[in-house]
1. How high is the FRET efficiency from residue 57 to residue 35, r the C-beta distance, R0 35 Å, rounded to 0.05?
2. Consider just the alpha-carbon atoms of the range 3-61 and return their Rg together with their Dmax, both in angstrom.
3. When only C-alpha pairs under 8 Å and at least 6 residues apart count, what is the relative contact order of the chain, in percent?
4. Compute the FRET efficiency between residue 42 and residue 9 as 1/(1 + (r/R0)^6), taking r as their Cβ-Cβ distance and R0 = 35 Å, and round to the nearest 0.05.
């Protein structure tokens with residue numbers, strides 16, 4: 001593995017961690033404030049798509 005690939009994997013892993021934190025925050029907001037649930041569910045769906053994309057990129061790189 002060259003240094004660029006290792007740096008890319010580290011960057012993708014950090015982005016994946018931030019995305020998991022964002023999904024946790026969105027879940028908490030959905031529990032606290034269900035009246036604005038449409039936007040929270042939309043943001044959660046987007047975050048889930050980003051999570052799947054990042055996980056797929058990490059899996060293919062290893």
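Here, each number is a calculation from the coordinates, and none is a lab measurement. Values in this document were obtained by computation on a predicted structure and should not be read as measured data. Cβ coordinates were reconstructed from backbone atoms using ideal geometry, including for glycine residues, and neighbour counts include every protein chain displayed.
1. Taking R0 as 35 Å, the efficiency between residue 57 and residue 35 is 0.45.
2. When restricted to the Cα atoms of the range 3-61, Rg and Dmax are 13.8, 48 Å.
3. 44 percent
4. 0.75
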